[in-house]
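Beneath this line is the structure, given in structure tokens, with notes to follow.
The values are calculated or read from the model by the stated rules, or taken from the named source; none is laboratory data. This is a predicted model, so every value here is computed, not measured. Quick reminder, even Gly has a Cβ in these numbers, built from the backbone with ideal geometry, and neighbours come from all protein chains shown.
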Amino acid sequence: MDRFSKWKRLNGMKCNLRTDLGRIGILRNPIIISSGTFGLSKPYFDLLESEYVGAVVTKTITLNPKEGNAQPRILEGPSSMINSIGLENPGVLSFIEEYKDGYGKLEIPVIVSISGNSVSEFVEIADRLNDIDGAAAIELNLSCPNVDSEGLSFGSSPERIGNVVSECSKTSKYPLIAKLSPFQSIDASFARSAEMAGASAISLINTVPAMKIDINRFRSALGALSGGMSGPAIRPIALKMVYEISRDIDLPIIGMGGISNGEDAVEFIMAGATAISIGTMNMIDPSIPKSITKFFENFMQVHSLLDTAEIAQRFIQRNS
Amino acid sequence: MDCRRVLYVFKREEYSLPGEETRSEGEVYHSLWKNSLPLHWRVSMNVVNEKCEVIRNERVSSDGHILVLNSRDISRQTLPGQFVEIGCYGEDMILRRPFSVFDVSSESLSLFIKIVGKGTKWLSELNSGSIVDLIGPLGNGFTVSSKSRSLLIGGGCGIASLNLLSRKLFDSDSNSDTIFGFSKPEEIPQEVIEGFQKRANRVLVTVDKGPYPFIGNVVDRLKEIDLENYDRFYCCGPTRMLKALEPFLCKREVEVSLEARMACGIGVCYGCTISTKHGSKRVCLDGPVFKMEEVEWNEM
Ligand SMILES: Cc1cc2nc3c(=O)[nH]c(=O)nc-3n(C[C@H](O)[C@H](O)[C@H](O)COP(=O)(O)OP(=O)(O)OC[C@H]3O[C@@H](n4cnc5c(N)ncnc54)[C@H](O)[C@@H]3O)c2cc1C
Ligand SMILES: Cc1cc2nc3c(=O)[nH]c(=O)nc-3n(C[C@H](O)[C@H](O)[C@H](O)COP(=O)(O)O)c2cc1C
Ligand code: FES
């Protein structure tokens, strides 16, 4: 088929945004809402255009309820925000109690994000989550600077990451996603270790450690000393990390970090992400999933591409 | 093209899946965390994202502007005390800015903006015809009861939410008096104060630094007033002022409107929480109006 007739054929049909996340399943759309930026409050429901969203990730749930950090928790930086929420959440038991009438009623696949202070805490949460029905996956938030009894954070070595993933996969009935951050070294050993241990996908990236000082008050501008930076400023870092890691592992990658429009989303797909996730910008402009969907449809039609996998393939052909 | 854009608004029946009973409103408002059901949300309304055109931008004091915007969807639903989040587009700005609704009509909505930083400066420089992006109405509102006697106490930009409140109280045959504090005489928005004078029996104004007939803070002026004359108190202003008022008013019916740094403004990010007697609450969703007795003031 020549290029023109392929274009004509495509012009008559909607391009395919269905996204295969392997064991996690097939999403109708590669757009996911990131952990911590998806709520279950009425105003959010009013604004959410669920037909443009492939899946949502819950705020990270811990074993016991967490109060979170001191105020202020939000700052604005150059093209970015810094947050130090501190994982405020009601704990896994309340979450399960409320799941049925809350997240469980959404028509969109729900990924439950969890974090713990020790491997056994991760396992216990994963075990308790076996009680809920119909979640799409569990995302292990391995990038929080939580320290365990040995004074090391989970993300600090590939072995520790592998250990959490393999212990959880023995317990959980759900596929697991390992969420990494850029302070876990940029080489792929961390992601590979998660893959070997049985993860079904990798999420990249969590916020970048950051801080700001209020010079007139001689103190940190955040209630907690430091926080995590997100938003457009971290996009190039995230993109490079997705690019590097996707070369080395076979698992689907959910790419995120500063995605704010369709161009950014296509960049992540070219760098090797199977799905993309939106955090900060989703809170600022709730119509972003729709505008990204429209951009994808248009972009794929203009370049005669049938699905998002073809976007990635064409990038690889031109860059190998 | 219509400059208003109403995003997908859930209609009540759409909360239930096909083949299921429609869920009641109380359940619809269910939010994930316990104890977080908004106090005053018995009024059915929808949060919308609306593009509004600037009709007028007027300077009303040395650092205060009133921005009048054409709006149908937000203005028609707003209760006194509710706020909107405005997208500000300038160098290094990414978060929306929260502003109380100063006044509404069926076709327009106005905001009182005090210039404090880059976002408020950007807003104060908008020309008529510019388009701004609003999300609202957000949060709960003040309780307005008819035929009551109220005292409104405001500081700085706290005047904004009290303005719409005073109008609603006036319309519902309630008597209200007002005390306002500003830091300098140039900061007093004369026009706005005159508006209050038309609707209130008494309007007392005070400044921190003179020259002005009354120098002192709102607490000093509160001492001139017989608190027994009022059934209800409404306070809006800097946290410092609200904290100073607490010992005087704590035994009474007081509603306070709080400020916090916000990212989402819709209850999603947990950026704006405060401590209350019922645990942590989100200012944007559970507030900004709280009962004074509910707030843990020593943690503010
Ligand atoms: C519910 C609510 C209602 C408000 N109503 C009004 C009003 O009617 N009129 C008015 O003039 N102001 C009001 N404010 C305060 C107003 O939001 C801030 O003055 C404004 O966000 C400052 O933005 P900036 O870019 O000029 O300042 P910058 O200091 O440059 O802002 C940097 C960041 O800090 C945040 N921030 C700074 N000061 C405050 C503050 N006091 N409260 C919350 N966030 C802040 C900004 O939103 C921004 O994210 C209200 C705040 C809240 C929470
Ligand atoms: C306010 C806020 C809260 C967040 N909370 C969580 C969280 O609870 N768990 C988690 O894994 N990531 C959390 N994140 C990180 C995001 O999920 C995402 O990885 C990161 O913000 C990068 O994407 P973005 O630039 O599109 O926001 C949070 C981010 C923000 C801005
Ligand atoms: S500002 Fe996000 S929860 Fe209140």
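Applying the criterion of being assigned to a strand (DSSP E or B) and of a type in the set (Gly, Ala, Ser) to the residues of the stretch B:152-181, the residue that is farthest from ligand 3 (Cβ to nearest atom) is B:176. Note on the stretch B:182-300: enclosed strands (runs of 3 or more DSSP E) holding 2 or more residues that are among the polar types (S, T, N, Q) and in contact with a strand residue (DSSP E or B) (Cβ under 8 Å, 6 or more places away or on another chain) are B:273-276. Kindly indicate the residue of the stretch B:132-151 that is over 13 Å from the mean Cα position of the chain (by Cα) and away from chain A (no Cβ under 14 Å) and also nearest to ligand 3 (Cβ to nearest atom) among those meeting that condition. In this case the residue turns out to be B:144. For residue B:130, the requirement of being in contact with a strand residue (DSSP E or B) (Cβ under 6 Å, 6 or more places away or on another chain), modelled with pLDDT of 90 or more and of a type in the set (Ser, Thr, Tyr) is met.
Listed by position, the helices (runs of 4 or more DSSP H) inside the stretch A:257-320 whose residues that are without any contact (Cβ under 8 Å) to a residue 24 or more places away in the chain and crowded, with 18+ Cβ neighbours inside 10 Å number at least 1 are A:280-284.
Among the residues making up the stretch B:265-275, those that are in contact (Cβ under 8 Å) with a residue 24 or more places away in the chain and either under 21 Å from residue B:297 (Cβ atoms) or within 6 Å of ligand 3 (Cβ to nearest atom) (or both) are B:265, B:267, B:274, B:275. Checked against (1) on the phi < 0 side of the Ramachandran plot; (2) within 14 Å of another protein chain (Cβ to nearest Cβ), residue B:170 meets all criteria but (2).
Of everything in the stretch A:32-62 that is of a type in the set (Gly, Ala, Ser) and farther than 22 Å from residue A:142 by Cα, the residue that is surrounded by the most Cβ atoms within 10 Å (Cβ to Cβ) is A:54.
If you check A:65, A:78 for being at the interface with another protein chain (Cβ under 8 Å from one of its Cβ atoms) and either polar (S, T, N, Q) or surrounded by fewer than 23 Cβ atoms within 10 Å (Cβ to Cβ) (or both), only one passes: A:78. The residues listed here are B:113, B:66, B:86; of these, the one that is more than 23 Å from residue B:287 (Cβ to Cβ), within 12 Å of ligand 1 (Cβ to nearest atom) and of a type outside the set (Asp, Glu) is B:66. Just checking, does the stretch B:259-267 include any residue being more than 12 Å from every other protein chain (Cβ to nearest Cβ) and either within 21 Å of the chain's Cα centre (by Cα) or under 30 Å from residue A:46 (Cβ atoms) (or both)? Looking through the stretch B:259-267, none of the residues is more than 12 Å from every other protein chain (Cβ to nearest Cβ) and either within 21 Å of the chain's Cα centre (by Cα) or under 30 Å from residue A:46 (Cβ atoms) (or both).
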